[in-house]
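Working notes, structure below.
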Amino acid sequence: MASIGARDAEIAFRPLSRRGLDVRWWLFVLTLAGVGFLVLYPLGLLVFASFEVGPYGRETAFGFGNWSAALTEPGLRSAIVNTVTLTATRQGIGLVVAIVLAWLLARTNLPGRNWLEFGFWVSFFLPTLPVLLGWIFLLDGHLGLINRFLAWLGWSGPPPFEIYSWWGIVFVHLVTNTISVKVMLLTPAFRNLDPSLVEASQVAGASPFGILRHIVLPMLAPTILVVLLLGTLRSLEAFEVEFILGPPVRIDVYSTAIYRHVFGSPPDYGPAFALGLIVFMIMVPFVLAQQMVAGRRSRTSIGGKFAVRLVDLGRWRWLVFAAFLSLLAAMTALPVFFMVLGSFMEVFGYFDVPGGVFTAEHWRTVLRDPVFLGSLWDTLSIAAATAIASMVLFPALAYLIVRTRYRGRGLLDFLTWIPTTVPGIIIGLALLWMFLRTPFLRPVYGTETGLVLAFLIAGMALGIQLTKAGIMQISLELEEAARAGGATWLATMRRVVVPLVAPTVVAVGVLQFVAATRAVSTAVLLSSHATQTLAVFQLKYIESGDLEAASVVGVVVLMLSTSVAFAARIFGLRLGLGGR
Amino acid sequence: MSSIRAVLLAFAAAIVTATAPALAQTPQERWDKVLAAAKHEGKVVISHFTDKGLEPILREFEQTYGIKVEASPGRPNSVIPKILTEQQSGQFNWDVLLQPVNNVRLVLEPAGGLEPFLPFLILPEVTDDANWYGGLTGKVPMNPLYVFYDGIAGLGTGIDVNRDKVSRAEVNDWPDLLKPQWKKRFAIYFPDRPANLTIAFACYRPAFATAAAWETYVRAFFAQEPVSSPEFRIVADWLAQGRFDVTVGAEGSYLESLKTKLKRNIESPIGENRCGDPPDGAGRSISVAKNPPDRNAATIFVNWYLTKHVQEEVVKAYVADGAQSVSRRKDAGHPDPVLQQKVVAGFNSGWLQGKGLMTTSDEGLQLQSRVIELAKDAGY
């Protein structure tokens, strides 16, 4: 098995470094400085502001008041306990389920696996709020359709499902994002797994699950760790689901505490920044640990002898397919159905409206809105620019981190994690200050360029880590063979590296496109009256309680995202869908 | 001595010289001059609340004056701090704010983020004190006035009851909610910000001889552990669907539309109304941001917005959305004259008489803040 460790990385860039202090070294230094500025400056602003005590926008004093207020906040302990237990539960369940699903998709002869995988992408594209309301409609403990259906069947006990509960929160997270994003990230890694050890195990008579446990998982440990860390970071900042399902049963989490400080009346930013920085301080050791593990462990790779033999599921094949289909129906088809249905209902969730249950009025309202077309165009251009820029910049940064031996590459890797270690609402505010307080960035504030830059910073960790994993799986022997054959570095990149890493890069591009269409808190803070994405446009409907019109916008955003993913597939870039 | 006199004379002459053009101009002349300059500016930048009904009105301004409206909807808790941050970084991007009063008063005004409002008014029908309930300032003891609230919102009474399930004997006033049978059996809007629930409590304050007695009631209320949601739509749904038969603070356009569309027998009872009938608040306001980039266009807009015709259009839009909104303009008509009379009567007789409204007066804001603190103490 070919593998890449620290030694290989040195080999990889030796030809370049022989030239001494060349232009490339300076380019690296400039890159490091640029990334450092874009992530450390906002962080520094946050740290500074966390010590500014006083009403926002007025005279403040320097002190520890915000930190003490944050740490002595009533209910903080239970919020932390809830956050930790909810995160651990959903990440634990989500990871196990996602590993099994990704393996089934990538390494077995599951029928229709390419399209099944695409279903997880669609699930990830769905906007959270309309989907959440759809689930409330189904699983409300008193009036949920499923509980009513069971009662109609003769169920006489208390309603078996109650979405307003601890397990309700876990469930909604699992079926909205937690599982789907992990499957999306893990499947390509499973697919690129060097088959030689797996085949040896098969010859030795190991069972499919034995191979998964003893061969596949250890080989993929670094990738799994990245996925787990990214998932945990997302869990710590997630608040939409907890914000809606938590209060009725008095479940508060850390992120909702931050949210209340930020969006209070008047806002109380100081304690919110302190709480956000505590998350950062907790997560930094995990990021460093992940880097250490990733540095030590060897990676599986795409070598020159690559040929996949799929594991035969035998008689379980169609049963697993049926189970898969049921899961995808719950995660994708059902929410899409309810979102589309909701957009045509007079009042979302009510089938007893005397004047008529269904109407096209919400579609007319949205499509006739003079702001709609402008928002659609802004969304398309901003999301496309974000996707293209991320497909160029992130692979370049990932390549620098993985394939060079510059001393600062570990630091560069660490820096790219930072925006994700601070909750999204807080980093949005920090970016707002960065744009406004930096003379050379001020001209782009409120413009499409500014939003693209903000989305790139926010999506940096996910994009670079994914691309890194993709590059690390490419055996150096391929590059070395090309170089030995007389190919220049550029030709090697163009003919060997880029084609192999292309599916991952396109996947990153699609993810960034979707993230840009869905981002709300950053977009609200950094957009202007002249630049407005559909997510901001949708907000006016959500905030005025018009979920029906919001669902219309949700359907449009979904169509947009799905079309992009389809287009990427049609053009043969496959998003890691195509099995080898 | 003569030198002092000379200085004073020079100072007086300077003032006369500086103000003479304005004094000499008739309102019409000033209007024409500002309008010409506004057309030259070509646009007015407006931040407004997420009211859907407002957008056609903004388009009407564009059509009337040929001045482009660049409008951006958003909730005040995210928009107002953003505007202040921009201003403090030297960026003055906004002209006019059409936002609920709270954050504008609590954040922008004390930080110097607003222009004094009254100097922007030109049209005689707008500047005439007699044309407005409560006069131009609307009883708000502010000098100078930064925030002009043009509407009085009938806020309802806070409590909503499904009368098909709960009789008047069971729940008809606030004390009924403290009965043991209602423990954990009614729902409230999450009490983390000034809104209908906090306003309702503030309105209840005069029923008690002392603030301490009022606080005791508020504590006892939260000790009943009402179930809460931070989404008013969900609280309204709970009431309409029958998950809860009593809610507090769920009122709003959505609940009103549910009552109408679903024909639900939902009543807002109250034994005695302490805040007016119905209690009054300033649902909306208009103000001019500090250093507006399009000062003349902003001037034209605020005058136009406060004319009789536009105020009627604004009220129609709010009422169509289910809000009990009335213009402070005395001559502005209303689709529901009876409601208009009730709201105005509440405005004239409310217990904060002379101190502004529940959402504009310092006293009203302090009471609401106290409710939020007490709720936090109770674990909300």
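Every number in this text was worked out from the coordinates using simple rules, so none of it is lab data. Please read all numbers here as calculations on a predicted model, not as lab measurements. Glycine also receives a Cβ, built like all others from the backbone with ideal geometry; neighbour counts cover every protein chain displayed.
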Cα gyration tensor, the stretch A:67-155 - rounded (a/c under 1.5), prolate or oblate: oblate
Would you mind classifying the stretch A:6-576 by shape? Square roots of the alpha carbon gyration tensor eigenvalues, ordered a ≥ b ≥ c; an a/c under 1.5 is rounded, otherwise it is prolate if a/b is larger than b/c and oblate if not. oblate
To the nearest 20 debye, what charge dipole does the protein assembly as shown have about its Cα centre, counting +1 at the Cβ of each Lys and Arg and -1 at the Cβ of each Asp and Glu? 3440 debye
Most mobile of B:288, B:235, B:34 in a GNM of chain B (Cα contacts under 10 Å): B:34
Rounded to whole Hz and in sequence order, give me ³J(HN,Hα) for the stretch A:424-438 from the Karplus expression 6.51 cos²θ - 1.76 cosθ + 1.60, θ = phi - 60°, writing x for Gly and Pro. x, 4, 6, 5, x, 5, 5, 5, 4, 5, 4, 5, 7, 9, 10
State, as an integer percentage, the relative contact order of chain A based on alpha-carbon contacts under 8 Å between residues 6 or more apart. 23 percent
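Mind checking the full-extension length gain between residue B:320 and residue B:366? Use 0.36 nm per residue of separation minus the Cα-Cα distance, one decimal, nm. Before the final figure, lay out the partial values.
On the way: separation 46, 0.36 × 46 = 16.56 nm, distance 3.17 nm.
Once the chain is fully extended between residue B:320 and residue B:366, it gains 13.4 nm.
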What number comes out for the charge environment of residue B:293, summing +1 per Lys or Arg and -1 per Asp or Glu over other residues with Cβ under 14 Å away? -2
Expressed in nanometres to one decimal, the distance between label points 7 Å along Cα→Cβ at residue A:351 and residue B:37 is 6.3 nm
Just tell me the longest site-free run in chain A, where the sites are chymotrypsin sites (Phe, Trp or Tyr not before Pro) in a DSSP loop having at most 11 other beta-carbon atoms within 10 Å. A:1-350
Average beta-carbon neighbours from other chains, 10 Å sphere, peptide B:86-99: 3
Between residue A:529 and residues 5 or more places away or on another chain, which pairs have amide H atoms under 5 Å apart, with H built 1.01 Å from N, and which residues are they? none
If the elastic network links every pair of Cα atoms under 10 Å, which of B:320, B:250, B:200 fluctuates the most in the Gaussian network model of chain B? B:320
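To the nearest whole number, what is the average tally of beta carbon atoms from other chains within 10 Å of the beta carbons of peptide B:103-109?
Whole-number average of other-chain Cβ neighbours for B:103-109 is 3.
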Taking 7 Å along the Cα-to-C-beta vector as the label spot, tell me the residue A:151-residue A:97 distance in nanometres, rounded to one decimal. 2.7 nm
Restricting the count to DSSP beta bridges whose residues both fall in the protein assembly as shown, what percent are antiparallel, rounded to a multiple of 5? 55 percent
Are there chymotrypsin sites (Phe, Trp or Tyr not before Pro) in the stretch B:92-126 that DSSP marks as loop and that have at most 16 other Cβ atoms within 10 Å, and which are they? B:92
Calculate how many DSSP beta bridges within chain B are antiparallel, expressed in % of all such bridges and rounded to the nearest 5. 55 percent
Given R₀ = 35 Å, what would the calculated FRET efficiency be for residue B:263 paired with residue B:331, taking r from the Cβ atoms and rounding to 0.05? 0.50
Averaged over residues of A:536-547, the number of beta carbons from other chains lying within 10 Å of each residue's Cβ is 6
Would you calculate the separation in nanometres between label points at residue B:181 and residue A:530, each defined as 7 Å from the Cα along the Cα-to-beta-carbon direction? 6.4 nm
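Which trypsin sites (Lys or Arg not before Pro) in the stretch A:337-445 sit in a loop by DSSP (not H, G, I, E or B) and have at most 15 other Cβ atoms within 10 Å of their own Cβ?
The qualifying sites are A:405, A:407.
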For chain B, what does the relative contact order come out to in percent, with C-alpha contacts under 8 Å and a separation of six or more? 26 percent
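Can you give the calculated 222 nm mean residue ellipticity of the protein assembly as shown, where each DSSP H run of n ≥ 4 adds -39,500 (n - 2.57) and the sum is split over every residue, rounded to the nearest 500 deg cm²/dmol?
It comes out at -19000 deg cm²/dmol, rounded to the nearest 500.
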Which of B:259, A:540, B:330 comes first, and how do the rest follow, when ranked by fewest Cβ neighbours within 10 Å? B:330, B:259, A:540
Please arrange B:261, B:183 by how many other C-beta atoms lie within 10 Å of their C-beta, fewest to most. B:183, B:261
Calculate the FRET efficiency for residue A:199 and residue A:84 from the Cβ-Cβ distance with a Förster distance of 45 Å, rounded to the nearest 0.05. 0.65
Could you state the number of Å between the C-alpha centres of the stretch A:337-370 and the stretch A:217-260? 32 Å
With a Förster distance of 30 angstrom and the Cβ-Cβ distance between residue A:62 and residue A:29, calculated FRET efficiency to the nearest 0.05 equals 0.30
